[in-house]
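Report on the following structure.
The values are calculated or read from the model by the stated rules, or taken from the named source; none is laboratory data. Predicted model, so just to flag it, every value in this text is computed and none were measured. Heads up, the Cβs are rebuilt from the backbone with ideal geometry, glycines too, and the neighbour counts pull from every protein chain shown.
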Amino acid sequence: MAKKIDHIGVAVESIERSLSLYTEHLGLELLGIEEVESEDVKVAFLKIGESKIELLEPLSKESAIAKFLDKKGEGIHHIALGVDSIEERIADMKQNGIRMIHEQPKKGAGGAKIAFMHPKSTGSVLYELCEKQTKGDM
């Protein structure tokens, strides 16, 4: 079902302040920065092997990332699993008793289709299903 770990999402207070750790100290390649209105966040993707690290900065106090930061501080937010046919994967998850936060895919960074599984159904880990539209997507 899942093809690979597409990325690991890391909540940060500021992408600008956090980037040097990833680019200068860890030597990761910055693939791009964009705002994702549907999630009220600014994201930066950094390449690490075949996967990525996604830095997530809230754009408002109402953002889920802002609430996460207030509650838990900076750190790992989610693990994104690369899938084909996200609609089928959502149906499979629901059929197998996995509660979904998103019953339908949403538009994510780089034009990907995304949907999150509820951590109460996944051992307290927030998993994201992520279907890329093209090879060049972040």
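Taking the stated definitions as given, is ASP70 farther than 19 Å from ILE5 by Cβ and either of a type in the set (Lys, Arg) or not in a loop (DSSP other than H, G, I, E, B) (or both)?
Here the answer is yes, as ASP70 does meet what is asked.
How do the pairs read when you match residues in region 101-125 that are in a strand (DSSP E or B) with residues anywhere that are aromatic (Phe, Trp, Tyr), using Cβ under 8 Å and keeping only pairs 6 or more apart or on different chains?
Going by the 8 Å Cβ cut-off, the qualifying pairs are PHE116/TYR127; MET117/TYR127.
Let's see how each residue does on (1) touching a Pro at 6+ places or on another chain (Cβ under 8 Å); (2) basic (Lys, Arg); (3) exposed (fewer than 11 other Cβ atoms within 10 Å of the Cβ):
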| position | (1), (2), (3) |
| --- | --- |
| SER60 | no, no, yes |
| LYS71 | no, yes, yes |
| ILE86 | yes, no, no |
| MET100 | no, no, no |
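Quick one: is PHE45 part of a helix (DSSP H, G or I), surrounded by 12 or more Cβ atoms within 10 Å (Cβ to Cβ) and either among the aromatic types (Phe, Trp, Tyr) or modelled with pLDDT under 95 (or both)?
It is false that PHE45 is part of a helix (DSSP H, G or I), surrounded by 12 or more Cβ atoms within 10 Å (Cβ to Cβ) and either among the aromatic types (Phe, Trp, Tyr) or modelled with pLDDT under 95 (or both).
Within the set of pairs 6 or more residues apart or between chains, which connect a residue that is in contact (Cβ under 8 Å) with a residue 24 or more places away in the chain inside region 20-45 to a residue that is loosely packed, with under 11 Cβ neighbours inside 10 Å with Cβ atoms less than 6 Å apart?
These pairs meet every condition: ASP40/SER60.
Can you go through GLU24, GLU16, GLU35 and tell me which one is of a type in the set (Asp, Glu) and exposed (fewer than 12 other Cβ atoms within 10 Å of the Cβ)?
Of GLU24, GLU16, GLU35, the one residue that is of a type in the set (Asp, Glu) and exposed (fewer than 12 other Cβ atoms within 10 Å of the Cβ) is GLU24.
Give me the residue from region 48-66 that is assigned to a loop (DSSP other than H, G, I, E, B) and either in contact (Cβ under 8 Å) with a residue 24 or more places away in the chain or β-branched (Val, Ile, Thr) (or both) and, out of that set, farthest from ILE101 (Cα to Cα).
Restricting to residues being assigned to a loop (DSSP other than H, G, I, E, B) and either in contact (Cβ under 8 Å) with a residue 24 or more places away in the chain or β-branched (Val, Ile, Thr) (or both), the top hit is GLU50.
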